[in-house]
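Q: I'd like to ask you about the structure that follows.
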Amino acid sequence: MSPEEFRHHGHQVVDWIADYLAHPECYPVLPKIKPGELTDALPLAGPDHAEPMDAILKDFEDRIVPASTHWNHPGFMGFFATSGTGPGILGEMLAAALNANGMVWKSSPAVTELEQVTLAWLRQWLGLPGPLFGEIFDTASVSTMHAIAAAREFADPEVRTGGGSRDLILYTSEQAHSSVEKGAVAIGIGQRNVRKIPVDPQFQMRPEALAEAIERDRAAGLRPFCVVPTVGTTSTTSIDPVPAIAGIAERFGLWMHVDAAYGGAAALAPEFRHVLAGAERADSLVVNPHKWMGTPVDLSVLYTRKPEILKRAFSLVPEYLRTAEDPRALNLMDYGVPLGRRFRALKLWFVMRYYGREGLAARIRDHVAWAQELAATIAADDRFELCAPVPLSLICFRRKGSDEANRELLDQVNASGEIFLSHTALNGRIVLRLAIGNHSTTRAHVQRAWEIVRGAHRAAG
C-alpha cells in the first residue's frame, strides 16, 4: 500500500470512527442476528487475488458492524463496560504503526520505559505506596495467573523445576471471578485445591471462615500458599475485607493477591480510595484500565512488591535473547509467559494525559452517583427489589416473582436495542445486573434504561 493510498483510506477510516464515536446510539447494542449468520454470509475461502480497499471497507460496514455488539454504546450496561475513548484509540493506532515488540529493552526501549513510567503514574493516582513493580498484560485472567505462579514460586521454588504441587492450597471467595480458579488450574494447581470461602450477607469473604479453612488444611498436612480477595466482584461489586485478610495471610505466611480489576480504578477519586484499604500489604494486585478508565481493550496491570519472585518464576533466557547487563535495561520477557509484547502502554499514556486524574475521577464520581440514585428509585418501587448493596456503579435487582419472569424481563429489555443488561445468580435466584461504566453514558441514559425496564415489566403484565 502506497503512502498516498494509505492516507486516502486512513482518512476514510478516521472519519468513520469519528462518526461512530459521535453517534454510537444509532446502532442496536446487541446485533440482531442468529448464530452462524455472519459465517454464512462470508466466502468459504480467502481471495486468491488482491481486492480493493473500498470493497473491504464496504463489507466491514455491511457485514461486520451489524454483527457486532457495541461495547462503546452508552446503553451498554451488561458485564462491565470497556470503553474505547478517542485518545486511547489514537494511541492504539500509533502503536499499530510503530509495530514494536518490547520483549527485551533493546528490542524497543520506548515500550519498556514508557510502560514503567505510566504504571508509576497510575500507582500514584491510586494512592498505592511504592516501590511497586508493574507490568502490562492483556487481561486480568492472565495477570492473576502470573500472580498465582509467583505465589507458588514463593511457597516452593522446587515446584517449577519438577516438584509436586498437589498439596498446595489456594483460597478465594465464593464470589471471586472464575479467572482465579482458571489461573490456578493453568499452572497445575487442581480445582480440588481451590477453596471457595463463604461470604456474608453483603457477599464479602468471611475472614473467620478463611482462617478456619487454613487451619483445617494445615492440620491435614496440606500447604496453604495463596489467598485472593476481590475489590469489586463480578456479580455484585462487593469488596472483600482486605485488611483483615491481609492479617491472616501474614500470620500464616500466604501470598496475598488482590483482584481489583474492576473496583481498583475507583481509587482515582480520593473519596473512594478506601476501596483499596489493605492493598498496600498485598504481594500482588491487578487493576484493569480497560474497564473504567476509557482505555481500549486490552490492558491489564499487574503490580507486585516482590518482582524478584515473579522473575524467578518466569525467567528463562536462551542465548539468542541475551543482552548486555545494565541495571536500567529491564527485559520484561523475564517477568511473564509472553515473549512478544505489544506497545499497550502508549494508549494508556494518551488516556492519562488527555483526561488527567481528575478528569477520569469525575467520570467515576458521576457513575457512582447515578448508580446510587437508581438504586434508591428501585428500592422505592414495590414491583422490584434490590438484591445486593451498591458500593460502586453496579445495581443488582430483580422483578418480584419467579426466575422465569426475570429471564423474560431481561430478554425483553435487551430486545429493545437501546440497552444491554446481563444477569447473575445470587442466593439461588436470577438477578439482573445494570452496570454503569461507559464513558459515553450520561444520567439521561441511566434514566432511560430504567424506563425501558419498567415498560418491559408493564408489557409482561
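The values are calculated or read from the model by the stated rules, or taken from the named source; none is laboratory data. These numbers come from a predicted model, not from an experiment. So basically every Cβ, Gly included, is an ideal-geometry build from the backbone, and we count neighbours across all protein chains shown. Heads up: the accessible areas ignore ligands, DNA and RNA and are worked out on the full protein's heavy atoms, side chains in. Shrake-Rupley method; radii C 1.70, N 1.55, O 1.52, S 1.80 Å.
Q: Using a probe radius of 1.4 Å on heavy atoms only, what accessible surface per residue do you get for the stretch 98-182? Whole Å² is fine. Write down the numbers at each step before the final one.
A: Working: 3550 Å² over 85 residues.
I get 42 Å² per residue for the stretch 98-182.
Q: Follow-up question, since we're still on this one. In square angstrom, what is the accessible area per residue of the stretch 46-97 with a 1.4 angstrom probe? Let's see the in-between values first.
A: Working: 2720 Å² over 52 residues.
Heavy-atom SASA per residue in the stretch 46-97 reads 52 Å².
Q: Efficiency by 1/(1 + (r/R0)^6): what FRET value for Ala110 and Glu250, r their Cβ-Cβ distance, R0 = 41 Å, to the nearest 0.05? Intermediate results must be reported in sequence, preceding the final value.
A: Details: r = 39 Å, r/R0 = 0.94.
In this case the efficiency is close to 0.60.
Q: Further question on the same structure: Once neighbouring chains are kept in place and the probe is 1.4 Å, which whole percent of the accessible area of the chain is contributed by carbon and sulfur? Numbers along the way, then the final one.
A: Working: 11540 of 21060 Å².
Summing carbon and sulfur atoms, their accessible area is 55 percent of the total for the chain.
Q: Work out how much length Arg322 to Val185 would gain on full extension: take 0.36 nm times their residue separation and subtract the Cα-Cα distance, in nm to one decimal. Intermediate values should be presented prior to the final figure.
A: Working: separation 137, 0.36 × 137 = 49.32 nm, distance 3.11 nm.
Full extension from Arg322 to Val185 adds 46.2 nm.
Q: Report the net charge of residues surrounding Met293, where surrounding means a beta-carbon distance below 15 angstrom and charges are Lys +1, Arg +1, Asp -1, Glu -1. If you can, show how the numbers build up before the last one.
A: Values: positive: Arg123, Lys291, Arg344, Lys347, Arg353, Arg357, Arg363, Arg365; negative: Glu92, Asp298, Glu358, Asp366.
Net charge in that neighbourhood comes out at +4.
Q: Right, another one. Once you keep just the Cα pairs under 8 angstrom separated by 6 or more residues, what percentage relative contact order results for the stretch 1-153?
A: Details: 66 pairs, mean separation 25.8, N = 153.
Reported as a whole number, the value is 17 percent.
Q: While we're looking at this one, here's another question. Using only Cα atoms, what Kirkwood radius does the stretch 198-351 have, in angstroms?
A: Numbers: mean 1/r = 0.0567 Å⁻¹.
When all Cα pairs of the stretch 198-351 are included, the Kirkwood radius is 17.6 Å.
Q: Sticking with this one: Remind me, relative contact order of the chain in percent, using alpha carbon pairs under 8 angstrom and six or more residues apart?
A: Numbers: 825 pairs, mean separation 100.9, N = 461.
In percent, rounded to a whole number, it is 22.
Q: So, one more: Given charges of +1 on the Cβ of Lys and Arg and -1 on the Cβ of Asp and Glu, with all other atoms neutral, how large is the dipole of the chain about its Cα centre, in debye to the nearest 20? Before the final figure, lay out the partial values.
A: Working: 47 positive and 53 negative charges, 224 e Å.
That gives the chain a dipole magnitude of about 1080 debye.
Q: Just want the answer: with Cβ charges of +1 for Lys and Arg and -1 for Asp and Glu, which residue in Pro198, Thr323, His290 is farthest toward the dipole's positive end in the stretch 191-326?
A: Pro198
Q: Can you spot the lysines whose alpha carbon is less than 23 Å from Lys291's alpha carbon? Ignore those fewer than 8 places along the same chain.
A: Lys182, Lys347
Q: Rank these residues by their accessible area, most exposed first, probe 1.4 Å: Arg344, Arg357, Arg216, Arg398.
A: On the way: Arg344 35, Arg357 65, Arg216 145, Arg398 5 Å².
Output order, biggest surface exposure first: Arg216, Arg357, Arg344, Arg398.
Q: So if I average 1/r over every pair of distinct C-alpha atoms in the chain and take the inverse, what Kirkwood radius in Å does that give?
A: Working: mean 1/r = 0.0420 Å⁻¹.
Taking every pair of different Cα atoms in the chain, averaging 1/r and inverting gives 23.8 Å.
Q: Over the stretch 293-443, calculate the relative contact order: mean separation of alpha carbon pairs under 8 Å at least 6 apart, over the residue count, as a percent.
A: Value for the stretch 293-443: 17 percent.
Q: Here's something else I'd like to know. Let's see if you can work this out: charge +1 on each Lys and Arg Cβ, -1 on each Asp and Glu Cβ, no other charges. What is the dipole magnitude of the stretch 1-72 about its Cα centre, in debye to the nearest 20? Don't skip to the end; give the middle numbers.
A: Details: 5 positive and 13 negative charges, 61 e Å.
The dipole magnitude comes to about 300 debye.
Q: Over the Cα atoms of the stretch 100-142, what Rg and Dmax result, in angstrom?
A: 11.6, 32
Q: OK, next. When the helix-only estimate is applied to the chain (DSSP H runs of n ≥ 4, each -39,500 (n - 2.57), divided by the residue count), what is the mean residue ellipticity at 222 nm, nearest 500 deg cm²/dmol? Walk me through the intermediate numbers first.
A: Values: 14 runs with 189 residues, N = 461.
-13000 deg cm²/dmol, from helical runs alone.
Q: Follow-up. With a sphere of radius 9 Å drawn around the Cβ of Glu418, what net charge do the other residues whose Cβ falls strictly inside it have (Lys, Arg +1; Asp, Glu -1)?
A: On the way: positive: Arg448; negative: Glu25.
Within the 9 Å Cβ shell, the charges total 0.
Q: Here's something else I'd like to know. In the chain, what % of DSSP beta bridges are antiparallel (nearest 5)? It would help to have the intermediate numbers written out before the result.
A: Values: 23 of 39 bridges.
Expressed as a percentage, antiparallel bridges in the chain total about 60.
Q: What does the net charge come to around Cys396 if you take all other residues with beta carbon closer than 13 Å to its beta carbon, with K and R at +1 and D and E at -1?
A: Working: positive: Arg398, Arg399, Arg429, Arg433; negative: Glu385.
Charge balance in the 13 Å sphere: +3.
Q: Next up: List the residues whose amide H sits under 5 Å from the amide H of Leu426, counting only those 5 or more places along or on another chain, with H placed 1.01 Å from N in the peptide plane.
A: The list, which skips near neighbours in sequence, is Val431.
Q: Go through Gly359, Ala405, Ala415 and say which Cα lies farthest out towards the positive end of the charge dipole of the stretch 346-461; charges sit on Cβ, +1 for Lys and Arg, -1 for Asp and Glu.
A: Result: Gly359, furthest along the dipole toward the positive end.
Q: Place a label point 7 angstrom from the Cα of His11 along the Cα-to-Cβ direction, then list the residues of the stretch 39-64 whose backbone nitrogen is under 17 Å away.
A: 53-54
Q: Sticking with this structure for a sec: How large is ³J(HN,Hα), in whole Hz, for each residue of the stretch 201-208 in order, when computed from phi with the Karplus curve 6.51 cos²θ - 1.76 cosθ + 1.60 and θ = phi - 60°, using x for Gly and Pro?
A: With the stated coefficients, the stretch 201-208 comes to x, 8, 6, 9, 4, 8, x, 5 Hz.
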